[in-house]
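Below you'll find the structure, written out as structure tokens, and then a few comments.
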């Protein structure tokens, strides 16, 4: 028989763990960040590229693989889809690749900044004092507090 009180407590503990909450927050922020980047690509970066390519909307670059009920040419992907044509939408793909590269670059910069902040927070540890020394007669390693070598029994200075 399943004890629902125990199951609910375990589930609550699982959900309230730091990693799960951090993952949920990261997912939500990632979705919001994706919207911003998508807008930047579609509204800021691609229009100048479209102007350079002859006042064309870059996302409307496509190849008709199969004509629809009405034969082409089609002025846009929407028109081709409305006619039932099968299209290869390479302009949308290139836009998606540019979006990915911008997201990757932004995450890389964020990662580098986080690493720098983390390094600033770390204090340099002082070098540990040596705990051994070398015997001047037989060159064996001995405790730094030893006054006589355990290997050759020679007297060593402290």
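The values are calculated or read from the model by the stated rules, or taken from the named source; none is laboratory data. Given the structure is predicted, the values throughout are model-derived calculations rather than measurements. Cβ atoms come from the backbone with ideal geometry, glycine included; neighbour counts cover every protein chain shown.
A few comments on the model shown:
- Residue count for the range 31-54 under the criterion of being out of contact with any helix residue (DSSP H, G or I) (no Cβ under 9 Å at 6 or more places or on another chain) and on the phi < 0 side of the Ramachandran plot: the result is 11.
- Any hit, the range 81-90, residues being in contact (Cβ under 8 Å) with a residue 24 or more places away in the chain and either within 29 Å of residue 32 (Cβ to Cβ) or not assigned by TED's automatic domain parsing to the domain that holds residue 30 (or both): yes
- Checking the stated criteria, residue 99 turns out not to satisfy the condition of being more than 17 Å from the chain's Cα centre (by Cα), surrounded by 10 or more Cβ atoms within 10 Å (Cβ to Cβ) and on the phi < 0 side of the Ramachandran plot.
- Counting the residues of the range 97-142 that are closer than 30 Å to residue 29 by Cα and assigned to a loop (DSSP other than H, G, I, E, B) gives 1.
- Just one of the listed residues (158, 150, 129) is modelled with pLDDT under 90, touching a strand residue (DSSP E or B) at 6+ places or on another chain (Cβ under 8 Å) and more than 30 Å from residue 34 (Cα to Cα), namely 150.
- Criterion applied to 72, 54 was being assigned to a loop (DSSP other than H, G, I, E, B), at pLDDT below 80, surrounded by 13 or more Cβ atoms within 10 Å (Cβ to Cβ) and over 30 Å from the mean Cα position of the chain (by Cα), and the one residue passing it is 72.
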